[in-house]
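Undergrad: Here it is, the structure, as structure tokens.
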Amino acid sequence: LWFRDTWAWGLPGQEDMPQIRPGDGSTLVARHKALGRLVLAGDGTTQALLCDNETNTQRLYGIPGRSAYPKDGINDHVLTGAATVNPDGVGTKGALWYRLDVAAGARAVIRLRLTAGERAGSLGAGFNTVMTDRRAEADEFYRALTPAEASDENAMVLRQAMAGMLWGKQFFHYDVARWLDGDPAGPPPPVQRQHGRNSSWRHLNNADVISMPDPWEYPWYAAWDLAFHCVPLARLDPTFAKNQLLLLLREWYMHPSGQLPAYEWEFSDLNPPVHAWAALRVFENDGSRDFNFLERVFHKLLLNFTWWVNRKDSEGNNVFEGGFLGLDNIGPIDRSAALPLAGVLEQSDGTAWMAMYCLNLLEMALVLADHDRVYEDLATKFFEHFALIASAAQGGLWDPTDGFFYDVLSAADGRRVPLRVRSLVGLLPLCATTTLGTATLQRLPHFARRVRWFITNLPQYADVVGATHVRGGNEGQLLSMVGREQLQRILERMLSEQEFLAPHGLRSVSRHHRDAPFSIDLPELHASVDYEPAESTSGLFGGNSNWRGPIWFPANYLLIEAIGRFARFFGDDFVIEHPTGSGTKRTLAEVATDLNDRLISTFCNDATGRRPVFGGYELFQTDPHWHDQLWFHEYFHADTGAGLGASHQTGWTGLVAECLLHRHDPTP
């Protein structure tokens, strides 16, 4: 039990030190001027150890500190018997020290309880009652959330994924101005800090409970991770999910320029702009009724969208550079660094993200226009802006020979070099897709008139906003960066087991590059990309994070959702061989369901009773005590489904819960 060291900062009003002392029996009693009295009570006989939660400056800097018993005192005493705990039994950090001998096959149980108030004390007779009641409440909650037809296995995966989402919440405190300038009572920070990392984010002041990617390995928020987290979190706690999305848009987070903070080590880095997509999904998961939330998000996202357009389309040609965009080492060029030649990297994924952003804001505006017709004008703006971006991508990034979208290195001397790596970069344009129905156009006549005028008078954009299809007597209109013929050609690669289709999802780089690595050989640049199904084999660009093959849940989830949107437009009138070369024809709805099931199967027992996520770890595969304790990894082996990277990243891998819910209720 410890108190955060605020008294040593030299700030007015925070000079008072709280205290922790041993209480009666196996207890620690804490007192704080704001929190009052708190008691940590434990079973049996223990020894109370006390020190102060203060930096050991003697060990670090060779100078005496404020306390003779600094924060590592308990650790040193337990491990080595050092006299580093306070013999007077008082401090700001305390522990109950248990020594247990547990025989093989036996077990030991320690009960602990933290209570508040002047009457708080021992464990009390109510301990078991409280535990039983809380367990029953959790059972009842998850019964209501779990589809009735879900198997016991699927229900277990759903519940553990959701529990991991809740476990990932953490208090995060980072006052950038204070970090740059230092504490009043502390030594001044190094001068170079004033011009280094995050120095342009002085306005940013984090002091909130935030959903983390992985509280063990990534205990800081990341803008695009958090957006994915909020979608399943909206099933559990919609208020928390909505407040998380709003938080990053508040004026003490969002930069005055409109940029969202990426993550702690470099707020100015670029994460894909998926905030609008997440806000729409949270709105829907909460019952599509909180229009105040949607409106608040929409207005702030207008600032962020404008920042992207002004900063990441250097040529003004509606094709976007973007930079890093979260995909680490997916291509031959380090997107976080300056290019090795004069020019820009026109990114297929960057342009797709922005086209998708347009459509997300269009969808928001159409929803809000039902309540305020002013939003029809904004819907028109994003309809037309999408047409400009999608048309530019088809003209500049689509390779008609290969039937795929590629990044293009556009040199200042006029050279245009396509980077023919078959990867997620070329699949993400599928996500920039939505539909307009006749009911929407009839409901919003001003918007409908503008749509008709645009298509009639600017026919060059008809390929991306003008396609129509009749299903069940109703006509739909497709807005997509990908036309029907392009969809066919992309899917032939995506659904090939020799390329992207894996037993447990879609690979991030085509398996084709295992035997045929891509290489680029220019006077200014020599680089290559091959297929790496597991961890990265080098520290190139992304360190131990690998996008050159493994399966990543967020990208898979977006692509499955996109296939579902095409399915709603074409219905049974579009069928494709799945898997490619199998001779089996399937509708797009069937393809989306199969891809969804492949992701789910990562965590479920196969025909031999093994879980792919555990890979070759026999303890987890065969020991009944471990076999049902699931880990939700950062990413997964592209050929086996084995978990890789951070092992507790339920953050965006928690999307498997959404996959399970959609499996039994696929209605959008």
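The values are calculated or read from the model by the stated rules, or taken from the named source; none is laboratory data. In this text the structure is predicted, and so the values were computed from the model without any measurement. Every residue, glycine as well, gets a Cβ built from its backbone with ideal geometry; the counts of neighbours run over all protein chains shown. These accessible areas exclude ligands, DNA and RNA; they are computed on the full protein's heavy atoms, side chains included. Shrake-Rupley method; radii C 1.70, N 1.55, O 1.52, S 1.80 Å.
Undergrad: Could you give me the residue pairs with C-beta distances under 9 Å whose first residue belongs to the stretch 152-175 and is within 19 Å of Leu661 (Cβ to Cβ) and modelled with pLDDT of 95 or more, whose second residue is among the basic types (Lys, Arg) and assigned to a helix (DSSP H, G or I) wherever it lies, and which are 6+ apart or on separate chains?
TA: As it stands, the answer is Asn154/Arg663; Ala155/Arg143; Met162/Arg235, since those pairs meet every condition given.
Undergrad: Looking at (1) over 28 Å from Leu491 (Cβ atoms); (2) modelled with pLDDT of 95 or more; (3) open to solvent by 10 Å² or more (accessible area, probe 1.4 Å), which is the one condition that is false for Thr537?
TA: (2)
Undergrad: Name the one entry in Arg99, Arg113, Arg143, Arg135 that is surrounded by fewer than 16 Cβ atoms within 10 Å (Cβ to Cβ), farther than 30 Å from Asp665 by Cβ and among the basic types (Lys, Arg).
TA: Arg99
Undergrad: If you don't mind, another one. Does Val319 satisfy the criteria of being β-branched (Val, Ile, Thr) and in contact with a His (Cβ under 8 Å, 6 or more places away or on another chain)?
TA: no
Undergrad: Give Gly121, Gly126 a once-over and let me know the one that is touching a residue at least 24 places away in the same chain (Cβ under 8 Å) and surrounded by 10 or more Cβ atoms within 10 Å (Cβ to Cβ).
TA: One residue alone meets the criteria, Gly121.
Undergrad: Continuing with this model, one more query. What is the residue count in the stretch 357-380 for residues that are over 16 Å from Trp307 (Cα atoms) and either in a helix (DSSP H, G or I) or among the small types (Gly, Ala, Ser) (or both)?
TA: Number satisfying all stated conditions: 16.
Undergrad: Which of (1) among the basic types (Lys, Arg); (2) closer than 18 Å to Trp7 by Cα; (3) modelled with pLDDT under 95 is the odd one out, the single condition Arg31 does not satisfy?
TA: (3)
Undergrad: What pairs come up if the first residue lies in the stretch 626-655 and is over 10 Å from Phe614 (Cβ atoms), the second is of a type in the set (A, V, I, L, M) and open to solvent by less than 10 Å² (accessible area, probe 1.4 Å), and their beta carbons are under 6 Å apart, counting only those six or more places apart or on different chains?
TA: Within 6 Å, the pairs are Glu634/Ala646; Phe636/Ile551; Ala638/Ala502; Ala638/Ile551; Thr650/Met165; Gly654/Ala161; Gly654/Met165.
Undergrad: Considering each of Thr434, Thr351 in turn, give the residue that is polar (S, T, N, Q), at pLDDT 95 or above and buried (at least 24 other Cβ atoms within 10 Å of the Cβ).
TA: Answer to the selection: Thr351.
Undergrad: Output the number of residues of the stretch 254-290 satisfying the condition of being among the polar types (S, T, N, Q) and farther than 14 Å from Ala227 by Cβ.
TA: Adding up the residues that qualify gives 4.
Undergrad: Continuing with this model, one more query. Name the residue, out of Asn75, Asn86, Asn53, that is polar (S, T, N, Q) and open to solvent by 70 Å² or more (accessible area, probe 1.4 Å).
TA: Exactly one of Asn75, Asn86, Asn53 is polar (S, T, N, Q) and open to solvent by 70 Å² or more (accessible area, probe 1.4 Å), namely Asn75.
Undergrad: Would you please name the residue that is most open to solvent (accessible area, probe 1.4 Å), looking only at residues in the stretch 471-487 that are part of a helix (DSSP H, G or I) and not basic (Lys, Arg)?
TA: Applying the filter and picking the extreme gives Glu485.
Undergrad: Only one of these is under 30 Å from Arg416 (Cα atoms) and touching a strand residue (DSSP E or B) at 6+ places or on another chain (Cβ under 7 Å): Asn310, Asn205, Asn318, Asn271. Name it.
TA: Every option except Asn271 fails the conditions.
Undergrad: Next question. Quick check: anything in the stretch 626-643 surrounded by fewer than 18 Cβ atoms within 10 Å (Cβ to Cβ), within 19 Å of Ala150 (Cβ to Cβ), out of contact with any Asp or Glu (no Cβ under 8 Å at 6 or more places or on another chain) and not β-branched (Val, Ile, Thr)?
TA: Yes, the stretch 626-643 has at least one match.
Undergrad: Among the residues in the stretch 575-586, are any open to solvent by less than 20 Å² (accessible area, probe 1.4 Å) and more than 26 Å from His469 (Cβ to Cβ)?
TA: Within the stretch 575-586, none of the residues are open to solvent by less than 20 Å² (accessible area, probe 1.4 Å) and more than 26 Å from His469 (Cβ to Cβ).
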